[in-house]
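Right, one structure below, let's go through it.
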Ligand SMILES: Nc1ncnc2c1ncn2[C@@H]1O[C@H](COP(=O)(O)OP(=O)(O)O)[C@@H](O)[C@H]1O
Ligand SMILES: [Mg+2]
């Protein structure tokens, strides 16, 4: 297959898009390397779908520059289309076709399609090859959506909220499909409002709120998470004071919380103190801020109003 250049899969700078008085995207920069799984994580209305549609060439940005696989999706859409696969937030596949027929129909649009049965196997629908779409479960239908996006053997896949509304087992299955795409060397750009989905699937995550990226990084570094100190928590009987050398602590409902500078040294001295004095130190634990804590702290602040006229939404 022809490769246009060694440019990144996606390179966007300063993209802006408004619908009337709604500022959906307010200056987004993105760089997605080839072979990466990249997640745009954000709440409803953050501008995720609009961003994706601009990258796909469905919408034109009001401002900014966009290159996808080295091409301009606005003016070079015909050249780009056979090289990308798209899974929309909601799809309309003909319910009365079978799985194999649906995929074959889409394969027909592409110059170098991947063989239909190979695609079916990739998304784990072999047992449902001849089942009508109407008979598939929600999770199986979503896998069919991915299969259709794969029919043309694209280099880059856009997945808009691939598991929204799924039960836990269907989500796991969909995650396996995404991991399979990544193992094939495909670049995947997905959107999600599930923090754990981004954490489980993505090499890198951009958190988008109100049309802007408010944090970007790997799931472990996002929002400075690796730099945040863990909290030590334990319970002490009422009336028992913590040792003075421990410094400031917070006591609520029998819990003692502290944020030590040196976790190992503090834990060592603390447990030695408990053993020497015989004070029962119950439920000792170390709490590290989760990606969810970080995400909620980022999303919890709704940021500036998204309307140009300043009215409340
Ligand atoms: N075609 C449209 N016309 C008017 N407003 C739109 C249109 N598409 C999106 N919006 C608005 O733009 C904002 C971002 O929408 P969207 O990109 O769909 O967000 P997300 O996918 O993160 O939920 C929302 O306020 C939405 O209502
Ligand atoms: Mg959306």
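Diagonalise the Cα gyration tensor of the stretch 229-288 and give the resulting equivalent ellipsoid semi-axes, square root of 5 times each eigenvalue, largest first, whole Å.
Numbers: eigenvalues 52, 38, 22 Å².
Semi-axes, largest first: 16, 14, 11 Å.
Could you check the spin-label model distance between residue 105 and residue 273? Points 7 Å from the Cα along Cα→Cβ, value in nm.
Those two pseudo-labels are separated by 7.0 nm.
Quick one: angle between helix 168-183 and the longest Cα principal axis of the chain, in degrees between 0 and 90, rounded to 10, please.
The answer is roughly 70 degrees.
Before rounding to the nearest 500, sum -39500 (n - 2.57) across all DSSP H runs of length at least 4 in the chain and divide by the residue total; then give [θ] at 222 nm in deg cm²/dmol.
Working: 9 runs with 90 residues, N = 313.
Value at 222 nm, helices only: -8500 deg cm²/dmol.
Which distance in Å, rounded to a whole number, links the C-alpha centroids of the stretch 234-271 and the stretch 154-195?
43
Of the beta bridges DSSP finds with both residues in the stretch 137-232, what % are antiparallel, to the nearest 5?
Numbers: 5 of 10 bridges.
Counting only bridges with both partners in the stretch 137-232, antiparallel ones make up about 50 percent.
Among 38, 166, 19, which one shows the highest mean-square fluctuation when the chain is modelled as a Gaussian network with alpha-carbon springs under 10 Å?
19
Among 281, 105, 195, what is the fewest-to-most ranking by other Cβ atoms within 10 Å?
Lowest count first: 105, 281, 195.
For the peptides 64-77, 150-163, what is the packing order when you average, over each peptide's residues, the other Cβ atoms within 10 Å and list the highest mean first? Numbers along the way, then the final one.
Numbers: 64-77: 18.4, 150-163: 23.2.
The most tightly packed comes first, giving 150-163, 64-77.
I want the antiparallel fraction of DSSP beta bridges within the chain, as a percent rounded to 5. All intermediate terms of the calculation are to be shown ahead of the outcome.
Values: 32 of 50 bridges.
If I count the DSSP bridges inside the chain, around 65 percent turn out antiparallel.
Rank these for me by crowding, 268, 193, 23, going from fewest to most other beta carbons within 10 Å. Intermediate results must be reported in sequence, preceding the final value.
Values: 268 11, 193 18, 23 21.
The fewest-first ordering by Cβ neighbours comes to 268, 193, 23.
Per-residue counts of other Cβ atoms within 10 Å, averaged by peptide: what ranking do you get for 235-244, 251-260, highest first? Provide the component values of the computation, followed by the final result.
Values: 235-244: 11.2, 251-260: 13.6.
Taking the mean over residues of other Cβ atoms within 10 Å, the ranking is 251-260, 235-244.
Under the √(5λ) rule applied to the eigenvalues of the Cα gyration tensor, what semi-axes describe the equivalent ellipsoid of the stretch 10-224? Give them in Å, descending.
Numbers: eigenvalues 156, 76, 49 Å².
Value: 28, 19, 16 Å, ordered largest first.
May I ask for the angle, rounded to the nearest 10°, between helix 138-150 and the longest principal axis of the chain, with both axes built from Cα atoms and the value confined to 0 to 90°?
60
Relative to the longest principal axis of the C-alpha atoms of the chain, give the angle of the C-alpha long axis of helix 291-300, reported between 0 and 90° and rounded to the nearest 10°.
Here the helix axis deviates by roughly 80 degrees.
Quick check: pseudo-label points 7 Å beyond the Cα along Cα→Cβ at residue 95 and residue 296, how many nm apart are they?
3.9
Can you tell me the order of 80-87, 205-212, 132-139 when each peptide is scored by its average per-residue count of other Cβ atoms within 10 angstrom, highest first? Walk me through the numbers on the way to the answer.
Working: 80-87: 21.8, 205-212: 24.0, 132-139: 15.0.
Per-residue mean Cβ counts within 10 Å order the peptides as 205-212, 80-87, 132-139.
Ranked by Cβ crowding within 10 angstrom, fewest neighbours first, how are 191, 271 ordered? Write down the numbers at each step before the final one.
Details: 191 26, 271 13.
By the 10 Å Cβ count, ascending: 271, 191.
Among DSSP bridges having both ends in the stretch 55-191, what percentage is antiparallel? Round to the nearest 5. Intermediate values should be presented prior to the final figure.
Details: 2 of 11 bridges.
Once the DSSP bridges in the stretch 55-191 are tallied, antiparallel ones form about 20 percent.
Values in this text are rule-based calculations from the coordinates and carry no lab data. Because the structure is predicted, anything quoted here is derived from the model rather than measured. In this analysis, Cβ positions are derived from the backbone assuming ideal geometry, glycine residues included, and neighbour counts consider all displayed protein chains.
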